[in-house]
Structure formats: C-alpha cells, structure tokens
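Everything on this sheet refers to the single structure shown next.
The values are calculated or read from the model by the stated rules, or taken from the named source; none is laboratory data. The model shown is predicted, which means the values in this text are computed figures rather than measured ones. So basically every Cβ, Gly included, is an ideal-geometry build from the backbone, and we count neighbours across all protein chains shown. Ligands, DNA and RNA are excluded from the accessible area calculation, which covers all protein heavy atoms including side chains. Shrake-Rupley method; radii C 1.70, N 1.55, O 1.52, S 1.80 Å.
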Amino acid sequence: MMIEIKNLSYRYPTRDDWAIKNITLNIRQGEFVLLTGSTGCGKSTLLKCLNGIIPHESIGEFHGDMIINGMNTREYPIRVLAKQVGLVFQNPDEQIFSTRVMDEVAFGPENLCFPRQEIKERVEWALEKVGMKDYMYTTTNALSGGQKQRVAVASVLALKPRVLVLDEPISQLDPRGAKEVLAVVKKLSDEGMTIVMVEHRIHEVARWADRVVVMDRGEIVLNEPVGKAFKHIALFKKLGLRIPRIVGQQDSLNWLGGHTIRTQTRSNLSDGRKTVEIRDLWFSYENKKSSREKKWILKGVNLDIYEGEMVGIMGNNGSGKSTLMHHLAGIYRPQRGSVKITGKPTKKYNAYKLAGTVGIVFQNPSLMLTCDTVCEEISFGPKNLKMPKEKIARRVTEFLDTMELDSFKDYHPQTLSGGQRLRCAIAAILSMTPQVILLDEPTSGQDIYHIRKLMEVCRQLVKQGRTVIFITHDLEIALEYANRIIVMDDGRISKDCSPAQVVETRVLDEVIGM
C-alpha cells in the first residue's frame, strides 16, 4: 500500500472535540481518491497528517499511525516526507510567496538541489501541465485567484512526488480550467502517482476518480468505488453534498434537476433606484507604462445595476471579474471612465468612505479576519459605524445563527475550516447592513447545503431592496438564484442576460467551457 492509515485521531490544542477520530484507510499506488464531506468535517486536517504537518508542526493531541510508502510520518521530518507527499493547500495565497511564477515553481526543486537544467525542465513541464507556461515570467500578484491555484499545483508537481494531495484545487477555477487540471491529475494517476483530492465540486471530479471517501464529524462514513458510492443518495442528501450529474448543452434543462430558473428580467427591475453605474471603465495594474504598452485588465466596461437585483458574474479565470468587483467596492479607482455606487463616484469615495454602503467578501476570506473571536469579528464593523450597543448585540446573535457559527462564537476565526471562515467573513459584512453586497466566489469551499443557505439569505436581502452581486463558477447556483447573469471575457462584458436565456442559447457553452 502507498498510504496506510491506522486508528488515526487528532485534536487541536484549543478544541475540546476531535477533528478526526479513529480513521483507518488504505490507498493503493496510482489510485485517485476523492475525499469529501460537509464543511468542517475534518478533511483538511486529515490531509495535513499525510505530509507530516501534523504532528510535526502542531502541538495538538495525536494518536495512531500514518504510513506513507512504508514510512511512518512520526519518524521522519517534513523535509524528508516532502519528497514523498506534495500538498496543495486550499488557499493558494497561503502557499505562494515568490514574486514571479517561474521562481515559485522552481523553489522546491532548487531546495532539493536538483541540477539547473533539470530544474528548468521541471518548471516548464509543470507549468505546461496546468496551462500556465505563458505566464512563466508574470508576477504572482498580477494573477487571478484561479491562476494562482494553477501555479500552486504546478509548484508541487515540479517535485514529482509519489503522492499528490490536493485540498480543493479547483474551487477557484473556471469549468474549462478545472477540466484541464483534473485531466492532468488523472493522467498522473494513470502514470502511477497516488492522488488524494478534497473537493466539494463532486459533480465535476467524480468521473475522474477511482474511489469516493466521505467524512462526517471527523470519521469516515463511506468508502466505496465511484460506481457504487453514488447509490447512497440518502447519505449525500443528509450531509448536504452534491450528487453528480452529467452536464451538456442538450441535457442542461434536465441537469437542473427541477430547480427553478429565475425569469425576472432587467425591464422588471430597472424602474428601481440605480445602485451601480459604470461608464467606459478601463483599468491596468501596470501604472508606470504608457496606455499603448499597458496590459488592460478591464476594457471599456459599461454596466447599470439596480435595487432588488441579484447578479451573477461568470467568466474564465483572468477575465477581470474580481478586478471589476474591487472597483465596485471602491478599492480600485478607474484609470479611465467612471464608477458610481448609489450615486457616489469612487474617484471621490474610496472603500473607507463607502463602508456601510458597500460590503465586499474577498475571494480569500482569511485576509478579512483580524479579531480574536468570531463574535468580535461580526461586531467589528457595526462598532466602527457607531451603531448602538443593543443593535450590535442583536446583529451578532442574528448572524451567528444565520451562518451556523454559534458553537464557534468564542473561537479564533483563523482556527476555523475554510468554509467556516468564509461564513464568518460574510456574517461580518452582513452585520453592517450594506446596500450593495459583493461576494467574490461565495460558493468556494462550501458544501451545497451551506451554499443554498447563504443564497437564500441573499435572496431575502434582495427582496428588501438590497443589491447582491456575486462571482461564481457554479452555473447551477447562478441559474437558480441570480435574476441576471453577466459573462466576462478578456476584460469586457460579453453577455448580459437572464438565466433563462443562458439555458436557451449557446451562452451555456461559453459559461461552462463545454
């Protein structure tokens, strides 16, 4: 066996409950295992045990054995285990630290003292595998979230480990990019590399995997080959997990599984107050270059959004979605053109002045969490807006309940799982009752139960006259909850239509990358 896990349990030093308990699992060489389960069930903790981060970099309570290719992780340091197991973290910002793409991918082989020519060949091979070779000389801070995720995968691939462990590697990738990365991973598996992948996008990963392992509350509750795993429909529904469906243009309506497609159109909503007005917006990160030399990220964007709209923004990685959203929050200012939020021009009103009017949840929620407890995080915004203490207390209680964080209210936000951190960040923004709510990839790292619960909250806010704008690669969620879908391509808005029009036309091909 390549991986042997025997009665493995682990408890974090600040927790009373066990993150994982009595895990026993064997994985063969070359096997592709999909590991899934509800948010916070212990998946990421188990992955950290695979490469020795736990127990070597943790002071928690650890029992049992993790054996990789005959090596007990208790007995070998991380630097030795790194040659056996490569781990791609859930959030690429926690893994990438070099300023250039090629330097990031070369870092591992350089530290293992490979010959210069071999390092060059490994870097080019790994970047080619994830479709990022053209970005070899690009600065990492100029990449989109999805592009960073590909680079993180490439940096681990460059080491050519025996076991590749991936924690939600496609959560920020567009469907075409996800398909490309999964094809690479499957090929590596066919060539003998053992793959363990955590992912909530089960419907996209299932056909590539050999086996499905489901966790719940720190324990394995299902361990079956793919062909048998999805016969346990009741279990998947109970845990709030997706059941895979085959998606294509011809069966797109059937794939929606009877969910309601929003049919409200712009003509129904444009009678309301305009909350977003964008005119001829251009933006580049290359400030020092001339207009002709710049690589423009946004290219002449024009857009109006009204009260009571719930707008889904879709498009391939690097198409300008997050950059556009940062303009809506006043974080970036137009280099050409104008942006107005509730009538306020962002050239005069920056993010600080728009606080309380606009709330944004970043693609990486960890960057937003700065307080010592979840309670303090949710109350931070209202306190700074000088809300009365009684009102703040009500808001905290309301959103602890809404986001199912009540049992974590005294925990440090950074100790939560990825999905829980996202819900904490969303609660902190919603507690300020902004008129315009911006969500960058709110479905990332969430099981379908929590995704739907969040989107229902947003739907109620829209009914109250708020505006919700969310970026997503999740077509099913966009079709069900948005009343309008905007597709971006190469810095421009290529489509602006209703969900029904997306299904009825070839826009579907463009959105999901078929």
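Observations on the model:
- Among (1) free of Cβ contacts under 8 Å to residues at least 40 places away in the same chain; (2) touching a Leu at 6+ places or on another chain (Cβ under 9 Å); (3) open to solvent by 30 Å² or more (accessible area, probe 1.4 Å) - the single one residue 81 does not satisfy: (3)
- The set of residues from the range 180-205 being among the small types (Gly, Ala, Ser) and open to solvent by 10 Å² or more (accessible area, probe 1.4 Å) comprises 183, 192.
- Members of the range 407-421 found to be open to solvent by 30 Å² or more (accessible area, probe 1.4 Å) and either of a type outside the set (Gly, Ala, Ser) or farther than 22 Å from residue 451 by Cβ (or both), listed by number: 408, 409, 410, 411, 412, 414, 415, 421
- Single unsatisfied condition, residue 398 versus (1) under 23 Å from residue 470 (Cβ atoms); (2) surrounded by 18 or more Cβ atoms within 10 Å (Cβ to Cβ); (3) without any contact (Cβ under 8 Å) to a residue 40 or more places away in the chain: (2)
- One residue stands out among those in the range 84-111 that are over 27 Å from the mean Cα position of the chain (by Cα) and open to solvent by 60 Å² or more (accessible area, probe 1.4 Å): the one that is modelled with the lowest pLDDT, which is 111.
- Exclusive hit being touching a residue at least 24 places away in the same chain (Cβ under 8 Å), part of a strand (DSSP E or B) and aliphatic (A, V, I, L, M), set 23, 54, 59: 23
- Residue under evaluation residue 391, criteria (1) open to solvent by 60 Å² or more (accessible area, probe 1.4 Å); (2) part of a loop (DSSP other than H, G, I, E, B), criterion not met: (2)
- Test: residue 177 is crowded, with 20+ Cβ neighbours inside 10 Å and more than 21 Å from residue 47 (Cβ to Cβ): yes
- Qualifying positions in the range 1-35 - within 16 Å of residue 164 (Cα to Cα) and within 26 Å of the chain's Cα centre (by Cα): 31, 32, 33, 34, 35
- Tallying residues that are surrounded by fewer than 21 Cβ atoms within 10 Å (Cβ to Cβ) and in contact (Cβ under 8 Å) with a residue 24 or more places away in the chain within the range 463-475 yields 2.
- Residue pairs whose Cβ atoms lie under 7 Å apart, separated by 6 or more positions or on different chains, with the first residue in the range 219-245 and farther than 18 Å from residue 199 by Cβ and in contact (Cβ under 8 Å) with a residue 40 or more places away in the chain and the second outside any loop (DSSP other than H, G, I, E, B) and of a type outside the set (Asp, Glu), are 219/21; 219/22.
- Taken over the range 112-147, the criterion of being within 20 Å of residue 318 (Cα to Cα), without any contact (Cβ under 8 Å) to a residue 40 or more places away in the chain, among the charged types (D, E, K, R) and surrounded by 16 or more Cβ atoms within 10 Å (Cβ to Cβ) is satisfied by 133 alone.
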